[in-house]
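Taking it in order: structure first as structure tokens, then the write-up.
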Amino acid sequence: MAPLVMATGRFAPSPTGDLHVGNLRTALVAWLAARAGGGRFLVRMEDLDPMVARAEFEAQQLHDLAAIGLDWDGEVVNQSSRMELYQAAISSLDARGLVYPCFCSRKEIQDAVRAPNGSAPSPEGAYPGTCADLSTLQRSQRARSGGGRPAALRLRSSGEVVTVTDGLHGQYSAVVDDLVLRRHDGMPAYNLAVVVDDGDQGVQQVVRADDLLASTPRQAYLAGLLGLPPMSYLHIPLVLGPMGQRLAKRDGAITLADRLMLGESAVDVRSALAASLGMCAPGERPTLSELVATFSVMVDAGTLPRTPWVFPG
Ligand code: GLU
């Protein structure tokens, strides 16, 4: 892994539920990576989905981050209050001929997926380009047959293979498809919002769970188109439930509140996360400054874990 540098980092949860130990572990690593390099650490609420994002979850998430000792610089930013920024980015791409309306339903896309070019994988759900070259007449026909459902907007990509370098996963390449910029419901798409925000907020280091690694070449490509500087990436292996599946409520006491109910303290929980990262022995209670020092040593030695942590429950 590259040596630590002073870089602005961030944690960007979606306020759609309580943070579980996997989210808290990612937040801890993001915080350590920023603080160990002497950098700023930001928290951003990715609350663009009005059906599921809730202010109560947001307050609880911030409370839980603070409870395990994580602090952040400046105000927490909410994506829902930044619509003009996303629209401005879409307009700038549109002015360059890089945006087109897409009328496809999810089902139509699944049915039409073409094999990827070359050996690099297409990210799951990659768009096969159905609406890329419609004539004006075809567009209005498609719009009518969609029953008035508004079109999504997609990026006209060149279908190239983009490689990103990740601190844990090394080089990762994928074909960049015509990703969604604005969804059918008019909301900015995740990839667009994240890239615009990271650029606008001066984020230099993205630390997040490695289920998002597959989207990272798309984001790096989009950032390049928007003239944003390259980012450093660290994708942390997921925390899995005992059967090796994605951690979920059925796996027991997975939130901080659950753990407190069992009689653990917030420091106990943070220490268990640190132990899962190989930063201390189980049962030890390192301080935050000890964790910062240990993190620096582990980065230099390249010993951060590269495999998922199976949550013991
Ligand atoms: N909001 C995303 C999530 O909660 C994370 C996005 C990111 O870190 O880029 O999974």
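The values are calculated or read from the model by the stated rules, or taken from the named source; none is laboratory data. Every value quoted in this text rests on a predicted model; they were computed, and no experiment measured them. All Cβ positions, even for glycine, are placed from backbone atoms using ideal geometry, and neighbour counts span all protein chains on display. All accessible areas refer to the heavy atoms of the entire protein, side chains included, with ligands and DNA or RNA removed. Shrake-Rupley method; radii C 1.70, N 1.55, O 1.52, S 1.80 Å.
Matching residues to (1) within 23 Å of residue 292 (Cα to Cα); (2) in a helix (DSSP H, G or I); (3) free of Cβ contacts under 8 Å to residues at least 24 places away in the same chain:
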residue	(1), (2), (3)
58	no, yes, no
62	yes, yes, yes
66	yes, yes, yes
72	yes, no, no
90	no, yes, no
93	no, yes, no
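Identify all residues within region 253-299 that are open to solvent by less than 40 Å² (accessible area, probe 1.4 Å) and assigned to a loop (DSSP other than H, G, I, E, B); write none if there are none.
253, 254, 277, 279, 280, 286
Name the residues in region 1-15 that are more than 8 Å from the ligand (Cβ to nearest atom) and either open to solvent by less than 50 Å² (accessible area, probe 1.4 Å) or modelled with pLDDT of 95 or more (or both), would you?
Within region 1-15, 4, 7, 8, 9, 15 meet the criteria.
Give me a count of the residues in region 1-17 that are in contact with an Asp or Glu (Cβ under 7 Å, 6 or more places away or on another chain) and more than 29 Å from residue 80 (Cα to Cα).
1
Report the residue count in region 28-60 for those that are within 24 Å of residue 278 (Cβ to Cβ), more than 10 Å from the ligand (Cβ to nearest atom) and either under 16 Å from the mean Cα position of the chain (by Cα) or of a type in the set (A, V, I, L, M) (or both).
The qualifying residues number 8.
Name the single residue that is surrounded by the fewest Cβ atoms within 10 Å (Cβ to Cβ) among those in region 135-179 being of a type in the set (Asp, Glu) and over 30 Å from residue 303 (Cα atoms).
Ranking the candidates gives 160 first.
Give region 187-246 a look and list any residue that's in a helix (DSSP H, G or I), more than 13 Å from the ligand (Cβ to nearest atom) and hydrophobic (A, V, I, L, M, F, W, C), or say none.
225
Being touching a Pro at 6+ places or on another chain (Cβ under 8 Å) and hydroxyl-bearing (Ser, Thr, Tyr), is that true of even one residue in region 219-233?
No, region 219-233 has no match at all.
Among the residues that make up region 62-81, is at least one of them aromatic (Phe, Trp, Tyr), crowded, with 23+ Cβ neighbours inside 10 Å and either within 14 Å of the ligand (Cβ to nearest atom) or farther than 27 Å from residue 312 by Cα (or both)?
Checking region 62-81: not a single residue is aromatic (Phe, Trp, Tyr), crowded, with 23+ Cβ neighbours inside 10 Å and either within 14 Å of the ligand (Cβ to nearest atom) or farther than 27 Å from residue 312 by Cα (or both).
For the structure I just gave you, tell me whether residue 165 is touching a strand residue (DSSP E or B) at 6+ places or on another chain (Cβ under 8 Å), β-branched (Val, Ile, Thr) and modelled with pLDDT under 95.
The answer is no for residue 165.
Mind checking which pairs have a first residue in region 167-185 that is free of Cβ contacts under 8 Å to residues at least 40 places away in the same chain and within 23 Å of residue 85 (Cα to Cα) and a second that is open to solvent by 40 Å² or more (accessible area, probe 1.4 Å) and of a type outside the set (Gly, Ala, Ser), Cβ under 7 Å, 6 or more apart or different chains?
Filtered contacts from region 167-185: 184/149; 184/150.
So which pairs qualify, if the first residue must be in region 200-217 and over 14 Å from residue 190 (Cα atoms) and open to solvent by less than 10 Å² (accessible area, probe 1.4 Å), the second must be aromatic (Phe, Trp, Tyr) and more than 9 Å from the ligand (Cβ to nearest atom), the Cβ gap must be under 6 Å, and the two must be at least 6 apart or on different chains?
Pairs that qualify, where the first residue is over 14 Å from residue 190 (Cα atoms) and open to solvent by less than 10 Å² (accessible area, probe 1.4 Å) and the partner is aromatic (Phe, Trp, Tyr) and more than 9 Å from the ligand (Cβ to nearest atom), are 206/233.
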